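Asks: Encoded as structure tokens, here's the structure I'll be asking about.
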Amino acid sequence: MVSLEDLNQEAHHHGPTVDEPQFISLRQAGAILDTLSVETRRAIMREVCADPANPAAIAGRLGLSVQNTSYHLEKLEESGLIEVVGTKYSNRGHEMEVFAPCRSAIVIEIGESESSAREFLQGGGSDTTEQIATDGGRQQASTQSIPRNKPTPK
């Protein structure tokens with residue numbers, strides 16, 4: 001099993017590492033949410049987050065065909081949710097790509113300012129933030145509203 005720490009050392013990211021969240025605008029979130037609207041893709045995401053693998057291994061774990069799995073992996077890769085992090089060879093010597101998540105979390109900034117979610121997560125400024133994260137293979141979605149400069153009820 002390949003850990004996210006191993007992937008950070010091996011992957012060639014141009015920006016944040018796997019463990020750093022990616023901040024995106026609400027406009028950019030549309031394509032990602034469309035991609036994740038398909039249950040098969042969410043199942044594949046959970047699998048590659050739990051244990052990066054090649055299409056055949058993922059297909060076997062989910063009871064899917066390799067062709068179907070490869071199709072959905074391509075869609076997830078096009079959306080920037082997963083990437084190829086290495087190559088393995090089958091028992092027959094065929095080269096197979098290994099897929100893993102690009103980030104451990106994606107934060108959707110829904111405030112007026114592009115930095116509102118960043119400020120909120122750092123302890124300052126925004127009223128509301130929505131975060132979609134993948135943590136140990138489990139997708140979590142949460143919305144949290146924090147009152148700003150309002151008196152505490154007595």
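Asks: Based on the Cα coordinates of the range 55-106, what is the per residue volume of their convex hull in Å³?
Replies: Given the Cα convex hull of the range 55-106, per-residue volume reads 85 Å³.
Asks: How do 96, 45 line up, fewest other C-beta atoms within 10 Å first?
Replies: With the fewest neighbours first, 96, 45 line up as 96, 45.
Asks: Which ³J(HN,Hα) values, rounded to whole Hz and listed in residue order, are derived for the range 90-102 from phi using the Karplus coefficients 6.51, -1.76 and 1.60 in 6.51 cos²θ - 1.76 cosθ + 1.60 with θ = phi - 60°, glycine and proline given as x?
Replies: Each residue's phi maps through the Karplus curve to give 6, 4, 8, x, 7, 6, 10, 6, 9, 9, 8, x, 6 Hz.
Asks: Hey, another quick one. Using 0.36 nm times the number of residues separating residue 94 and residue 65, minus their current alpha carbon distance, what extension gain do you get?
Replies: 8.7 nm
Asks: For 103, 27, 92, 46, what's the fewest-to-most ordering of other Cβ within 10 Å of each Cβ?
Replies: Values: 103 23, 27 9, 92 5, 46 17.
With the fewest neighbours first, 103, 27, 92, 46 line up as 92, 27, 46, 103.
Asks: Another question about this same structure. Taking neighbour Cβ counts within 10 Å as the exposure measure, how do 65, 79, 104 sort from fewest upward?
Replies: Taking fewest neighbouring Cβ atoms as first place, the list is 65, 79, 104.
Just so you know, all these numbers are worked out from the coordinates, no wet-lab data involved. Model, not experiment: these values are computed from the prediction. Glycine gets a Cβ as well: all are built from the backbone with ideal geometry, and neighbour counts include every protein chain shown.
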